[in-house]
1. Where does the charge balance sit around B:Ala155 when Lys and Arg score +1, Asp and Glu -1, over other residues with C-beta under 11 Å from its C-beta?
2. Give me the net charge for the shell around A:Gly45: Cβ to Cβ below 14 angstrom, other residues only, Lys and Arg +1, Asp and Glu -1.
3. Counting other beta carbons within 10 Å of each residue's own, what order do A:Trp85, B:Trp79 fall into, fewest first?
4. Around B:Thr77, under 12 Å between beta carbons, what's the net of Lys plus Arg minus Asp minus Glu among the other residues?
5. Cβ neighbours within 10 Å, averaged per peptide: list B:41-51, B:164-174, B:125-135 in order, most packed at the top.
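Values in this text are rule-based calculations from the coordinates and carry no lab data. No experiment lies behind these values; they were computed from the predicted model shown. We place every Cβ from the backbone using ideal geometry, glycine too, and count neighbours over all the protein chains shown.
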Amino acid sequence: MRETDKHNADRVLETYFEAARKDCRAPSSELMARILADAADVQAGFPVARASGVRVGGFVRQLVQGLGGWPAVAGLAAAVVTGLWIGMSQSSALIAYATTYDEPDEALYLVDLSADALFELDEGAL
Amino acid sequence: MPLDMMSDIPDEALLERFARGDAAAARALTMRLTPQVMAHAYRLLGNHAEAEDVSQEAMLRLWKIAPEWRRGEARITTWLYRVVANLCVDRLRRIQGESLESVPEPQDERKGPAETLQGAERAQALQVALGHLPARQRQAIVLRDLEGLANPEVAEIMETSVEAVESLLARGRRGLVADLAGRREELGFGDA
């Protein structure tokens with residue numbers, strides 16, 4: 001095909017394409033209604049959306065799976081809560097325990113020896 | 001949310017809203033995507049009733065896949081073009097048995113003076129000529145020359161290379177020119 005013939009052919013063909021683009025018919029209202037009805041039916045079968053809007057199946061599910069499932073996440077949560085409680089409450093028992101080791105008094109060195117220990121002390125075994 | 005406020009929301013975000021139970025997102029997606037889906041199906045099939053059935057089925061598949069849709073993997077329109085093309089091929093197989101090289105003649109539903117109908121008649125003539133092309137050439141021509149997509153996107157939809165698309169387009173256009181040559185005078189191209 002010569003160049004001018006090809007140019008003419010392309011020009012004519014483009015006129016057909018243009019006519020076809022303009023000829024596009026809008027979808028009927030019945031079709032739109034059927035599609036929307038399908039959408040409602042399918043949507044009714046989806047799991048109920050969370051109130052927060054976080055979709056199950058997205059980031060949260062991946063995170064839970066990555067940590068080893070819901071039981072592992074529950075254990076982790078309990079450990080975190082316990083740690084927070086210990087840190088925040090400053091339990092008096094813990095403070096006394098820590099003070100004992102920080103500033104030992106003589107009571108710490110009193111040892112209740114057994115009855116036989118005296119003989120062993122005499123013999124230099126202890 | 002009102003429909004006009006959803007016009008700036010990307011398709012993928014609307015589909016996520018649909019999966020979370022937002023009915024307004026379904027309406028927005030239907031209004032936005034159905035015309036494209038319907039036009040594509042008609043151009044591949046040449047029959048409005050068949051194209052409507054294909055459009056409904058393609059949109060139904062979109063609704064069903066919504067909860068598993070992964071944002072960023074593919075564009076929704078690309079996915080829909082592919083689904084429509086596959087559905088059309090299946091339908092043509094069913095209608096015509098083994099042959100995929102011809103489609104039903106488009107229905108001539110318009111009558112009137114020749115002058116006012118010339119554009120419509122050209123569109124009709126092109127539709128008939130498209131139906132004579134092999135399926136892959138027809139799909140490439142429809143996506144590139146009628147839907148106005150770029151070659152790389154056509155290649156992605158057709159799951160082939162850009163070079164293969166260019167080859168399909170060249171052969172398809174030559175086929176159309178040859179097919180339409182005999183009708184040029186009656187369609188007002190006597191001087192071309």
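1. Numbers: positive: B:Arg144; negative: B:Glu153, B:Glu156, B:Glu159, B:Glu163, B:Glu166.
Net local charge, B:Ala155 excluded: -4.
2. Local charge sum for A:Gly45: -1.
3. Values: A:Trp85 10, B:Trp79 18.
Sorted ascending by nearby Cβ count, the order is A:Trp85, B:Trp79.
4. Details: positive: B:Arg32, B:Arg75, B:Arg82; negative: B:Asp11, B:Glu12, B:Glu147, B:Glu153, B:Glu156.
Once positives and negatives cancel, what remains is -2.
5. Details: B:41-51: 22.7, B:164-174: 18.2, B:125-135: 20.5.
Put in order of decreasing packing, that is B:41-51, B:125-135, B:164-174.
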